[in-house]
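To keep things clear, I will list the structure first and then write my remarks on it.
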Amino acid sequence: MRGLEAEETWVSIFPLEQRRYWETVSRTIKNITEIRLRANRPIFVYSDGRELLLDHSGGFPGEEGREKRTTYEEIQQLIDYLCRDSRYAYGEELRRGYFTAPGGHRIGVVGELVTDSEGRVRVLKHIAGVNIRIARQVLSAGKKVQPYLYRNGGIENTLIISPPGCGKTTLLRDLIRRISDGSGSYQGRTVGVVDERGEIAACYQGVPQLQVGARTDVLDNCPKQHGMTMLLRSMSPQVIAVDELGSREDAATVSEMAGCGCSILATIHGNSVEDIRKKEMFRLLFQEEVFTNFLLLEKEKGVYHVSRQRIGEEQICCIS
């Protein structure tokens, strides 16, 4: 997908002592999606599908033996800055291995785990690796797709199917925004989002950092099974949206919600409708015909395509 509509504001997540270097990187490399920092090892950034090795000047490609390496102390400095010098306050987030920084950027962390006698994680200490996923959105992603969500004045229960890395969460986010805000002949609708991993709305302290629409309510870091039921009871959504159905429990809850009068918009890993149909954990969805509308997302020669499949018909539109 092209047309990323986001400014290079991610440099502000770094402490002042490190920020000048990253300001140089942001000017040198555009559309950075991920930054990997590992103690005493080279720095890698990812942009437009490329892996780039940084040098001491903030440029690329770094020559072998001259690449910049992140020190353990720099990683501790970064984590303390992001946690506002209170790692204890971020204890729960650190235990699950990631947290969200201002701007919606997701910070993954690894290090030494301390567990109790039952194997439960008590604390993550000696953090030695950080994966920064830059929060971005494509506000044009769902423009051509939106008309294919509607039928007879309502929104069909729609399942977005895609292999990993093809942009299904990006597409889902923009469709949520468009459904919520409404435009032209599309009336705005109340949308409830269960953002189990914080990747749809990128909430920081409960507030979405990405644009998900004026009529959208978000439950952040909440399991899908609990969140869908909570939203239905508390916020009366017309549409419930979730990312990455992945278990029999997810499927059962979606089936239950579909019978309660709200539309469902969801994503799932897969290559085709038949691929999903064969999986035992999702059999219920097909037995009860919960989803009547399928969007298949794939990437071919750098261009993203969406094909829309319904019983007895197939319509195709492209996102570029």
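In nm, what is the difference between 0.36 nm times the number of residues separating D48 and F286 and their Cα-Cα distance?
Extending this stretch completely gives an extra 82.1 nm.
Assuming a ≥ b ≥ c are the square roots of the Cα gyration tensor eigenvalues, decide whether segment 146-319 counts as rounded (a/c under 1.5), prolate (otherwise, with a/b larger than b/c) or oblate. Before the final figure, lay out each step's value.
Details: a/c = 1.32, a/b = 1.17, b/c = 1.12.
It is rounded, given that a/c, with a ≥ b ≥ c, falls under 1.5.
If you take the square roots of the eigenvalues of the alpha-carbon gyration tensor of the chain and sort them as a ≥ b ≥ c, do you get rounded (a/c under 1.5), prolate (a/b over b/c) or oblate?
Because a/c hits 1.5 or more and a/b exceeds b/c, the chain counts as prolate.
Once a ≥ b ≥ c are taken as the square roots of the eigenvalues of the Cα gyration tensor of segment 243-285, is the result rounded (a/c under 1.5), prolate (a/b larger than b/c) or oblate (a/b not larger than b/c)?
On the way: a/c = 1.99, a/b = 1.63, b/c = 1.22.
Prolate shape, in that a/c is at least 1.5 and a/b is the bigger ratio.
If I model a spin label at R120 and R248 as a point 7 Å from the Cα along the Cα→Cβ vector, what separation in nanometres do I get?
Result for the modelled spin labels: 2.5 nm.
Nothing charged except the Cβ atoms of Lys and Arg (+1) and of Asp and Glu (-1): what's the magnitude of the dipole of segment 9-133 about its Cα centre? Round to the nearest 20 debye.
Charge dipole, segment 9-133, about its Cα centre: 180 debye, nearest 20.
May I ask for the Kirkwood hydrodynamic radius of segment 9-133, worked out over all distinct Cα pairs and given in angstroms to one decimal? Could the numbers behind the result be given before it?
Details: mean 1/r = 0.0659 Å⁻¹.
Here the Kirkwood hydrodynamic radius works out to 15.2 Å.
Helix-only mean residue ellipticity at 222 nm, the chain, DSSP H runs n ≥ 4 weighted -39,500 (n - 2.57), per residue, nearest 500. What is it?
Calculated at 222 nm, the ellipticity per residue is -7000 deg cm²/dmol.
Between L149, W10, V194, whose Cα lies farthest towards the positive end of the dipole of the chain when Lys and Arg beta carbons carry +1 and Asp and Glu beta carbons carry -1, centred on the Cα centre?
The residue sitting most towards the positive pole is L149.
Given an 8 Å cut-off on Cα distances and at least 6 residues of separation, report the relative contact order of the chain as a percent.
Over the chain, the number comes to 15 percent.
Mind putting a number on the dipole of the chain about its Cα centre? Charges go on the C-beta only, +1 for Lys and Arg and -1 for Asp and Glu, and I need it in Debye to the nearest 20.
So the dipole magnitude of the chain works out to roughly 340 debye.
Cα centroids of segment 189-234 and segment 76-131: how far apart, whole angstrom?
22
Please identify the GluC sites (Glu not before Pro) of segment 73-120 that satisfy two criteria: DSSP loop assignment and at most 10 other Cβ atoms within 10 Å. Which are they?
On the way: sites: E73, E74, E92, E93, E112, E118; in loops: E118.
Passing both the DSSP loop test and the Cβ count: E118.
Among the lysines in segment 146-319, how many pairs, 8 or more places apart or on different chains, have alpha carbons under 27 Å apart?
Taking the Cα cut-off of 27 Å, the pair count is 9.
Only the coordinates and a few stated rules stand behind these numbers; no lab work does. In this text the structure is predicted, and so the values were computed from the model without any measurement. All Cβ positions, glycine included, derive from the backbone under ideal geometry; neighbour counts span all protein chains shown.
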